[in-house]
Amino acid sequence: MSIKILLGVSGGIAAYKAAELVRRLGERGAEVRVVMTAAARSFITPLTLQALSGHEVRCDLLDPGAEAGMDHIELARWADLVLVAPATADLMARLAAGLADDLLTTLALATTAPLVLAPAMNHRMWLNPATQENLARLRDRGVRILGPAEGDQACGEWGPGRMLEPGEILDALVLGADSQLAGRQVLVTAGPTREALDPVRYLSNRSSGRMGYALAESLAARGAEVTMVSGPSALAVPHRVELVAVESALEMEAAVMARIGACDLFVAAAAVSDYRPQATAEEKIKKNQAELHLHLVKNPDILARVAALNGGPFTVGFAAETRDLEEQARTKLAAKGLDMIAANLVGGETGGFERPENALLVLWPGGRRSLPLGPKARLAEALSDLIVERYLADAASQDS
Ligand code: PMT
């Protein structure tokens, strides 16, 4: 199935490169529909992009004729990816502010597809604190930014602000067969598990699913076929990720083991309950005793089971610790025989469970990288980069 890309073109001189971008996206098997801002039409005509994409170019939000076909909400739903190239300083400011004052910004608000921007502007505009603040806000929301490059600018000056070349954008998007994880099956666990005491009560933990969901999304954006086995979470299922919803650790184990044979990569971000009640009462437990003693039994360690498989997938675990982070994580890395572990401090003032931000210490045999405190979406991108790097190095060493 070809990837559906909504290409937004805003009004800068680099808009002329959109023509080549559309052509080359098509060559890589993408289906492209183009939306232009009013200013973009001063630099390149809709007809050019229509001829190259094979579809009518959309320009206006309030266009009854166009809306009678695929309306803007349908268009937002249609896209697997929204790419804005070039993204001007003005467009970035409007996106950062959450405005919906034209078709492109409205689509960016309405879509659940990943948003990727290729900025292009004068270097002073790029370095202006206002633009840098907008950039940080967009990044924090998980928007991916490609470039800009440094070099000669159309205004005759030199500096950062040139839009990446179409080929560089394509490489960064890792589309189709060129994708780093194209055709790879990835299984991610996420969220908490619930261990039922009776029909109304359970034992659980504070995991919201944020870290696991962000990782599933960023691995899917690298072209992988991602299945996410998740305990209960209020979060929306990320784009291009297949959800298998479970409740208990035993259900999670069954769901993982049923799918692991076909997997290339396994990432265990779930906070699996280590213990479960030995028995689940069939009726609600009455409060007529002064004390209630629970008899807990150990749950299977899903991650350790996967890591012990003969010829199993590249396996990445997490370690949630309240102290001695590195020491405990090193012990888990070795004891479970993992390829990589991402350790985080939990139960403190920042990061860990529930919160939107986190910090990770990533360890693998012979390596170590600290990923500083930041939004989980940004952290997931950095961790995915590392996972891909180590996974591909591991696969190459097995081939040789
Ligand atoms: O969901 P959030 O609110 O965003 O919070 C994110 C997080 C803190 C839950 C996440 O970053 C994290 O650390 N997940 C792992 C939590 C955990 O269970 O850590 P652990 O150190 O107890 O377990 C070590 C590893 O073994 C984990 O990869 C865990 O998924 C796995 N495990 C543990 C027990 C078990 N029975 N089976 C397992 O697979």
Legend entry - Cross-link partners of Lys336 among aspartates and glutamates (Cα-Cα below 19 Å; sequence separation of 8 or more within a chain): Glu253, Asp264, Asp274, Asp301, Glu321, Asp324, Glu326, Glu327, Asp394
Inset, instruction - Please work out the ratio of the alpha-carbon Rg of region 251-344 to 2.2 N^0.38 Å and round it to two decimals. - result: 1.37
Inset, instruction - Just tell me which lysines come within less than 30 Å, Cα to Cα, of Lys287; anything on the same chain fewer than 8 places away is out. - result: Lys298
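Please report the net charge: other residues with Cβ closer than 11 Å to the Cβ of Asp140, K and R +1, D and E -1.
Working: positive: Arg137, Arg139, Arg141, Lys376, Arg378; negative: Glu133, Glu357.
Once all neighbours under 11 Å are counted, the net charge is +3.
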Inset, instruction - Quick one: compute the contact order of region 214-277, relative version, from alpha carbon pairs under 8 angstrom and 6+ residues apart, as a percent. - result: 27
Legend entry - lysines with Cα under 23 Å of Lys17, excluding same-chain neighbours fewer than 8 positions away: Lys4
Legend entry - Inter-part distance where region 227-287 and region 118-173 are each reduced to a Cα centre, Å: 41
Inset, instruction - Could you work out how far apart the two model spin labels at Ala136 and Ala393 are, taking each label as a point 7 Å from the Cα in the direction of the beta carbon, and quote it in nm? - result: 3.1
Legend entry - Length-normalised contact order for the chain - Cα pairs under 8 Å, 6+ apart - percent: 11
Legend entry - At most 16 other Cβ within 10 Å, DSSP loop - GluC sites (Glu not before Pro), region 306-378: Glu349, Glu354
Inset, instruction - Quickly rank 359-372, 273-286 as a protection proxy: mean count of other C-beta atoms within 10 Å, highest first. - result: 359-372, 273-286
Inset, instruction - Over region 4-176, calculate the relative contact order: mean separation of alpha carbon pairs under 8 Å at least 6 apart, over the residue count, as a percent. - result: 23
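Using the Cβ atoms and a cut-off under 11 Å, what net charge is assigned to the surroundings of Glu67, where Lys and Arg are +1 and Asp and Glu are -1?
Values: positive: Arg58; negative: Asp60, Asp63, Asp71, Glu74.
Summing Lys/Arg as +1 and Asp/Glu as -1 gives -3.
In debye to the nearest 20, how big a dipole does the chain give about its Cα centre with +1 on each Lys and Arg Cβ and -1 on each Asp and Glu Cβ?
Details: 40 positive and 49 negative charges, 116 e Å.
With Lys and Arg at +1 and Asp and Glu at -1, about 560 debye.
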Legend entry - Full-extension gain in nm, Ala97 to Tyr275, via 0.36 nm per residue minus C-alpha separation: 59.5 nm
Legend entry - Summed side-chain charge close to Ala342 - residues other than Ala342 whose Cβ falls under 15 Å, Lys, Arg +1, Asp, Glu -1: +2
Legend entry - Ordering of 379-389, 214-224 by packing [mean C-beta count within 10 Å, highest first]: 214-224, 379-389
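Between Ala382 and Asp71, what FRET efficiency follows from the Cβ-Cβ distance if R0 is 45 Å, with the result rounded to 0.05?
0.75
Every read-out reported here was derived from the displayed coordinates using simple, explicitly stated rules and does not represent laboratory data. Just so you know, these numbers come straight off a predicted model, no measurement behind them. Here Cβ is always computed from backbone atoms with ideal geometry, including for glycine, and neighbour counts include all displayed protein chains.
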